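The structure under discussion appears below in the form of structure tokens.
The values are calculated or read from the model by the stated rules, or taken from the named source; none is laboratory data. Since the model is a prediction, treat every value here as computed from it, not as a measurement. A quick note on method: Cβ atoms are made from the backbone with ideal geometry, for glycine too, and the neighbour counts reach across all protein chains shown. Ligands, DNA and RNA are stripped out before the accessible areas are found, and what is left, the full protein with its side chains, is counted by its heavy atoms. Shrake-Rupley method; radii C 1.70, N 1.55, O 1.52, S 1.80 Å.
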Amino acid sequence: MKPFCKYLLILLIVLAGKISSAQITMQWQMGMSMQMQMSMMARMHSDGNLKYKFFVTMADSSRKEVTSTILMDKSTHKNYLLYVDKSLPKGDTNRNQRIYPNQTISIERSSPLIVDLRAPVNTPREKFYKGIAKDSCWMFKVLSGSINVYACLSFETDRYFDEGTIVGIQLHDDGPIVKCTEENLKQMVGNDIDALENIQRKNYVKAINKYNRNRRKEAEKAAGK
């Protein structure tokens, strides 16, 4: 084989290998992106996302009552509520309106009346769930303590919630709400060994619970309890 033909053959093989590798990488990235979208869509249909009557505080401080689940816009990947203006005929294009987080200050809903067994007399009470508006979702507090945890859905109890819906964590009530990442969480827990061990295992919620428990014990010891 002539040297020129030999080099040309080698070049074609190398290029073919690069194209194949690029195609494989692109297909893998597309597959991962689709998997993440499908996972989030599945979470939006979880038990924490039933149809509720939300009291919406709009950006101009006006109030609306919206009965809706929290939906996701597939094109923008932002959550929204579907407001149906029943004063308009069904054929009117403005009858169904999407309300996005950036159009609001917050949304709030109440739970059904429950009996408070800790009260001196068993009395029914309402619990309210408030979502703070952020860029792409509303953030509901699902865990409270030295570290607070926020999710994009309003779960009925902090004993169970889908960890995949966590959108933010906060050190103390006056701290900034930041993304729940390993690095951010490590900065919050400092030298707490129990928490760090669970962060290492990627058990972020367990790490937060350990940290909050340890801080409560320290506070009780300092108070002499």
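Residues that are open to solvent by less than 50 Å² (accessible area, probe 1.4 Å) and over 29 Å from Asn49 (Cα atoms) within segment 164-206 comprise Met188, Val189, Gly190, Asp192, Ala195, listed in sequence order. Only one of the numbered conditions (1) touching a Lys or Arg at 6+ places or on another chain (Cβ under 7 Å); (2) assigned to a loop (DSSP other than H, G, I, E, B) is not met by Cys180, and that is (1). For first residues located in segment 175-202 and without any contact (Cβ under 8 Å) to a residue 24 or more places away in the chain, partners that are part of a loop (DSSP other than H, G, I, E, B) and lie 6+ apart or on another chain with Cβ distances below 8 Å form the pairs Glu182/Lys202.
Suppose the filter is at pLDDT 95 or above and outside any helix (DSSP H, G or I); does Asp60 pass it?
Values: at pLDDT 95 or above: yes; outside any helix (DSSP H, G or I): yes.
Here the answer is yes, as Asp60 does meet what is asked.
Yes/no per residue for (1) under 19 Å from Val56 (Cα atoms); (2) touching a strand residue (DSSP E or B) at 6+ places or on another chain (Cβ under 8 Å); (3) in a loop (DSSP other than H, G, I, E, B); (4) at pLDDT 95 or above:
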{"site": "Pro120", "(1), (2), (3), (4)": "no, no, yes, no"}
{"site": "Pro124", "(1), (2), (3), (4)": "no, yes, no, no"}
{"site": "Ser154", "(1), (2), (3), (4)": "yes, yes, yes, no"}
{"site": "Asn184", "(1), (2), (3), (4)": "no, yes, no, yes"}
{"site": "Gln187", "(1), (2), (3), (4)": "no, no, no, yes"}
{"site": "Asn191", "(1), (2), (3), (4)": "no, no, yes, yes"}
{"site": "Leu196", "(1), (2), (3), (4)": "no, no, no, yes"}
{"site": "Ile199", "(1), (2), (3), (4)": "no, no, no, yes"}
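Taking the listed residues Arg98, Arg109, the one that is assigned to a strand (DSSP E or B), under 19 Å from Tyr52 (Cβ atoms) and at pLDDT below 95 is Arg109, with no other qualifying. Evaluation of Ile147 against the conditions (1) modelled with pLDDT of 95 or more; (2) open to solvent by 20 Å² or more (accessible area, probe 1.4 Å); (3) more than 30 Å from Tyr83 (Cβ to Cβ) shows that the sole unmet condition is (2).
Here Asp135 qualifies as under 19 Å from Lys78 (Cβ atoms), not in a strand (DSSP E or B) and not basic (Lys, Arg).
Which residues, taken from segment 79-95, are in a strand (DSSP E or B) and more than 17 Å from Ser154 (Cβ to Cβ)? Explain how you work it out, then say what you get.
The first filter runs over segment 79-95 and keeps only residues in a strand (DSSP E or B), leaving 79-84.
If the condition is that a residue be in a strand (DSSP E or B) and more than 17 Å from Ser154 (Cβ to Cβ), then Tyr83, Val84 are the ones that fit.
Can you say whether Lys2 is modelled with pLDDT under 60, open to solvent by 100 Å² or more (accessible area, probe 1.4 Å) and not hydroxyl-bearing (Ser, Thr, Tyr), as far as the supplied structure shows? Taking the combined requirement at face value, the residue satisfies it.
Quick check on segment 26-35. Is at least one of its residues out of contact with any Cys (no Cβ under 8 Å at 6 or more places or on another chain), surrounded by 13 or more Cβ atoms within 10 Å (Cβ to Cβ) and modelled with pLDDT under 95?
no
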